[in-house]
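The values are calculated or read from the model by the stated rules, or taken from the named source; none is laboratory data. This structure is a prediction, so every number in the text was calculated from the model and none was measured. When we count neighbours, we look across all protein chains shown, and the Cβ atoms used for this are built from the backbone with ideal geometry, even at glycine.
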């Protein structure tokens, strides 16, 4: 029987584990066979506090994991399969084992929606990115393209204009979904260019991004464009649909009450699985801390 079972092992889950174990709670982290979250796909992280020279994403996650284990968290690298929140203690199935917990923190994160075109997957971290605040400085004085048409695509593009020479937003429809204020801001920026009715058909280059094939959706014409970086901003998919009975919004982000609580008492949530606003490692870690503190308070209140 665990005091808290944490599902997920990105910055939110591992920070929650550090706080929970230091509060003397018996803690299990169901990390998954691909543990560590989105930072395992990134290279240099320059905006996480405490690393003046930056740190490689996987190294940062390994340090967090060791810290959680050092304080006594039990971490299993098996995939979560299902949870029964209908009775207490909660039962959590991962692999072929069932674990029981007095409380649960859902920290399963979100996955970037990628374009799914040839050449994209191989070049993630080599010119293909989904996070301008993370990677924009690597594109100083270079030409980049942003795929997407919503507010987040405009925000990514505006961040990139602080570094890149030119930023072209490519959107497959004939008008942007972004709010008027974001579109106006983008259109007033002299570094920005816009291509509507266009989608990226292929990412070109040998070891890094060197160009893209673009398809005009009106004429079906394919053209090639030399480019140094491709930023994908077509949204995130929160990993929430595996949880039955947990309330989520129409996009799948878990609905939060009172900072970290879900609609089921004793089940808490932290990180990108509910946060569709910030999506940063440091905020995910902050949410993990908050969830663990709330779990500790809640468990104390149950004991009385």
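Within segment 86-114, the set of residues being in a loop (DSSP other than H, G, I, E, B), under 18 Å from the mean Cα position of the chain (by Cα) and surrounded by fewer than 23 Cβ atoms within 10 Å (Cβ to Cβ) comprises 113, 114. State yes or no: is residue 210 over 27 Å from the mean Cα position of the chain (by Cα) and surrounded by fewer than 18 Cβ atoms within 10 Å (Cβ to Cβ)? So residue 210 does not fit the description; no. For segment 71-82, the count of residues that are closer than 23 Å to residue 278 by Cβ and either modelled with pLDDT under 95 or crowded, with 16+ Cβ neighbours inside 10 Å (or both) is zero.
This table checks each residue for (1) closer than 23 Å to residue 160 by Cβ; (2) at pLDDT below 95; (3) in contact with a helix residue (DSSP H, G or I) (Cβ under 8 Å, 6 or more places away or on another chain).
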position: 220; (1), (2), (3): no, no, no
position: 225; (1), (2), (3): yes, no, no
position: 230; (1), (2), (3): yes, no, yes
position: 243; (1), (2), (3): no, no, no
position: 254; (1), (2), (3): no, no, no
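Inspection of segment 28-37 identifies at least one residue that is under 17 Å from the mean Cα position of the chain (by Cα) and either without any contact (Cβ under 8 Å) to a residue 12 or more places away in the chain or in the same structural domain as residue 127 (by TED's automatic domain parsing) (or both).
Matching residues to (1) part of a strand (DSSP E or B); (2) within 16 Å of the chain's Cα centre (by Cα); (3) on the phi > 0 side of the Ramachandran plot; (4) not assigned by TED's automatic domain parsing to the domain that holds residue 100:
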residue: 9; (1), (2), (3), (4): no, yes, no, no
residue: 21; (1), (2), (3), (4): no, no, no, no
residue: 24; (1), (2), (3), (4): no, no, yes, no
residue: 40; (1), (2), (3), (4): no, yes, no, no
residue: 58; (1), (2), (3), (4): no, yes, no, no
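Whether a residue is touching a helix residue (DSSP H, G or I) at 6+ places or on another chain (Cβ under 7 Å), under 27 Å from residue 299 (Cα atoms) and buried (at least 24 other Cβ atoms within 10 Å of the Cβ) was assessed, and residue 30 does not pass this test. Candidates 168, 198: the one that is without any contact (Cβ under 8 Å) to a residue 60 or more places away in the chain, touching a strand residue (DSSP E or B) at 6+ places or on another chain (Cβ under 6 Å), in the same structural domain as residue 140 (by TED's automatic domain parsing) and farther than 24 Å from residue 134 by Cα is 198.
Select, from 136, 147, 132, the only residue that is in contact with a strand residue (DSSP E or B) (Cβ under 7 Å, 6 or more places away or on another chain), buried (at least 19 other Cβ atoms within 10 Å of the Cβ), over 16 Å from residue 201 (Cα atoms) and not assigned by TED's automatic domain parsing to the domain that holds residue 13. Give the derivation first.
Numbers: 136 fails: in contact with a strand residue (DSSP E or B) (Cβ under 7 Å, 6 or more places away or on another chain); 147 fails: over 16 Å from residue 201 (Cα atoms).
Of 136, 147, 132, the one residue that is in contact with a strand residue (DSSP E or B) (Cβ under 7 Å, 6 or more places away or on another chain), buried (at least 19 other Cβ atoms within 10 Å of the Cβ), over 16 Å from residue 201 (Cα atoms) and not assigned by TED's automatic domain parsing to the domain that holds residue 13 is 132.
Can you find a residue in segment 270-283 that is surrounded by fewer than 23 Cβ atoms within 10 Å (Cβ to Cβ) and part of a helix (DSSP H, G or I)?
If we filter segment 270-283 for residues that are surrounded by fewer than 23 Cβ atoms within 10 Å (Cβ to Cβ), which is where we start, we get 276-280, 282-283.
From the residues that got through so far, the ones that are part of a helix (DSSP H, G or I) too are 282-283.
Looking for residues that are surrounded by fewer than 23 Cβ atoms within 10 Å (Cβ to Cβ) and part of a helix (DSSP H, G or I), one finds at least one in segment 270-283, hence yes.
Within segment 180-218, the residues that satisfy the criterion of being over 16 Å from residue 157 (Cα atoms) and touching a helix residue (DSSP H, G or I) at 6+ places or on another chain (Cβ under 6 Å) are 203, 209. Within segment 289-304, residues that are free of Cβ contacts under 8 Å to residues at least 60 places away in the same chain reach partners that are crowded, with 17+ Cβ neighbours inside 10 Å and in a loop (DSSP other than H, G, I, E, B) with beta carbons closer than 8 Å, at six or more positions or on different chains, in the pairs 290/260; 290/270; 294/260.
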